[in-house]
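The values are calculated or read from the model by the stated rules, or taken from the named source; none is laboratory data. Since this is a predicted model, take the numbers as computed values, not measurements. Please note: Cβ atoms are built from the backbone with ideal geometry, for glycine as well, and neighbour counts cover all protein chains shown.
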Amino acid sequence: MFVSEKLKKPPGMLLLMSGSIACAKASSLISEWSRRGHAVRVVCTRSVAEFVGPATLQGLGAEMVLDNVFAEGQAMEHINLARWADIIVAAPATSNLINKLASGIADDAVTTVWQAAYGRDKPMLLVPAMNTRMWRYPATRESVHRLQQWGIHVLPVGKGELACGEHGEGRMLEPADILQTVDRLLAFDRPGSGRRVLITGGGTRESIDSVRYIGNLSSGRTASKLADELAAAGHVVTWLGADDAVQPVLPELLESFYSFKDLEQQLRTLLRKRHYDVVIHAAAVSDFHVSSVEGEKGDLVAGQQGKLCSGTGLLLRLGPNPKLLRRLKSWSLNPAVRVVGFKLTHTEDQQQRIAAVRDQFENAGVDVVVHNDLFEIDPGRHPFSVFTPALEPISCDDGSALARTLNRVMETV
Ligand SMILES: Cc1cc2nc3c(=O)[nH]c(=O)nc-3n(C[C@H](O)[C@H](O)[C@H](O)COP(=O)(O)O)c2cc1C
């Protein structure tokens, strides 16, 4: 894990807990953080005691547990804790807590500490846990959206068997996922004022008929990592990903696409309507679409709707798709938008690689190129080189290093 130079000792973790069956699961965060050497302090709503007692939380490693702002001798503890913490994690966050936080209510220890911590340029994370209907309740949807607009990170909920016996979405994410997100949030120097970043990822699919398509092997994993890490770094991120791509969890807005045409349409709409400072175009966009399907004798097979009959050979005619990268700036509401393009080559000749990167700068209107080469990628390795127009490469060993490099480079191009 990359730890910011600013943070000399392990960051202080402030865990806010509210009354859910997931309290037991969230308690394991305390022992894991303590094991790693973090100081952990816990603030609880009154109902937490129905699920897990303060003695248990202390036994797991919490150096203090506060559940009452008026407790004797702790009159200013809500402010002290807000100052002390390096990160504030509300887990589990009940529907009651989420709706209170979004309405500005501060009537107990958790909600008071939360408000006192807001605006101190510290990451604040909510980890919801609730029944599906409570999660879908309009007020909860609006509150989540509202809190995200205010720069709060809200983790998604998991799907599956719920404590109430129902099946659906609402489960609190597993502690391992929460720990990973917290590590990411702590891994960056937070620049204070975030940039608005649009990231595309995953591969487009071009339909042959209603059930078959031509696709590519892009999983969207790198782009998804970039989206989460740049959001964790304090930028306001929009994710525009293939509907089967690895999904990030931290962006403010999540949109999806299926085909080239969808992606083109979505990019145009987002760029025209919203102000973006940077577009990181990492999607693997098909260079072709299926323009016609012919039978063995060259006869045109009806339409691309429905299911083509099997048993005979078919000839697919592919038409070229235009390059989206070149058009991004022309669609952008912000004329000063910066564009990061990706270039994958397949050559061991360094000069040819550089020529491909130069071509992107000269012909695609990009400001930064992320290059990688098939010869250097294997299951255990995925290095990248980041180029600015000076064509001096910055090597990055993996997606996390790439995120940190882009975070820095975005400040200078
Ligand atoms: C057994 C049990 C489990 C509960 N689990 C949840 C839950 O997971 N999420 C939730 O939003 N509320 C849950 N509730 C309801 C909350 O505890 C209740 O709304 C409470 O007022 C929340 O208060 P707090 O947000 O101040 O902790 C549960 C209640 C009970 C009795």
> How many of the residues in region 29-56 are away from the ligand (no atom under 16 Å from the Cβ) and either part of a strand (DSSP E or B) or of a type in the set (S, T, N, Q) (or both)?
Replying inline: 5
> Taking only pairs six or more apart or across chains, which ones have beta-carbon atoms under 6 Å, a first residue in region 383-412 that is assigned by TED's automatic domain parsing to the domain that holds GLN360, and a second residue that is basic (Lys, Arg)?
Replying inline: GLY399/LYS225
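Per-residue answers, yes or no, for (1) touching a residue at least 12 places away in the same chain (Cβ under 8 Å); (2) in a loop (DSSP other than H, G, I, E, B); (3) not assigned by TED's automatic domain parsing to the domain that holds VAL211:
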position	(1), (2), (3)
GLU264	yes, no, no
LEU267	yes, no, no
ARG272	yes, no, no
HIS275	yes, yes, no
VAL279	yes, no, no
GLY298	yes, yes, yes
CYS309	no, yes, yes
> Taking LEU147, is it assigned to a helix (DSSP H, G or I) and either at pLDDT 95 or above or not assigned by TED's automatic domain parsing to the domain that holds SER20 (or both)?
Replying inline: no
>> Based on this model, can you work out whether GLY319 counts as among the small types (Gly, Ala, Ser) and within 17 Å of VAL285 (Cα to Cα)?
In response: yes
> When ASN68 is evaluated against the numbered criteria (1) over 30 Å from the mean Cα position of the chain (by Cα); (2) of a type outside the set (Val, Ile, Thr); (3) at pLDDT below 95; (4) more than 16 Å from the ligand (Cβ to nearest atom), which criterion, by number, is the only one it fails?
Replying inline: (4)
>> So in region 6-28, with the set limited to residues that are assigned to a loop (DSSP other than H, G, I, E, B) and more than 21 Å from HIS78 (Cα to Cα), which one is farthest from the ligand (Cβ to nearest atom)?
In response: LYS8
> Within region 335-367, which residues are in contact with a Phe, Trp or Tyr (Cβ under 7 Å, 6 or more places away or on another chain) and either closer than 13 Å to VAL279 by Cβ or not in a loop (DSSP other than H, G, I, E, B) (or both)?
Replying inline: VAL337, VAL357
> From the residues in region 81-101 that are of a type in the set (A, V, I, L, M, F, W, C) and out of contact with any helix residue (DSSP H, G or I) (no Cβ under 7 Å at 6 or more places or on another chain), which one is farthest from VAL144 (Cα to Cα)?
Replying inline: TRP84
> For region 395-413, which residues satisfy the criterion of being surrounded by fewer than 18 Cβ atoms within 10 Å (Cβ to Cβ), more than 15 Å from LYS225 (Cα to Cα) and of a type in the set (A, V, I, L, M)?
Replying inline: VAL413
>> Considering only residues that are within 15 Å of the ligand (Cβ to nearest atom) and touching a residue at least 40 places away in the same chain (Cβ under 8 Å), which ones fall in region 112-132?
In response: THR112, VAL113, TRP114, VAL127, PRO128, ALA129, MET130
>> Quick test of your reading of the structure: GLY298 fulfils all but one of (1) surrounded by 16 or more Cβ atoms within 10 Å (Cβ to Cβ); (2) at pLDDT below 85. Name the failing condition by number.
In response: (1)
> In region 95-107, which residues are surrounded by fewer than 24 Cβ atoms within 10 Å (Cβ to Cβ) and within 10 Å of the ligand (Cβ to nearest atom)?
Replying inline: SER95, ASN96, ASN99, LYS100, ASP107
> In the set LEU325, LEU344, LEU374, which member is under 29 Å from the mean Cα position of the chain (by Cα) and buried (at least 16 other Cβ atoms within 10 Å of the Cβ)?
Replying inline: LEU325
>> Quick check on PRO320: is it more than 25 Å from the chain's Cα centre (by Cα) and loosely packed, with under 11 Cβ neighbours inside 10 Å?
In response: yes
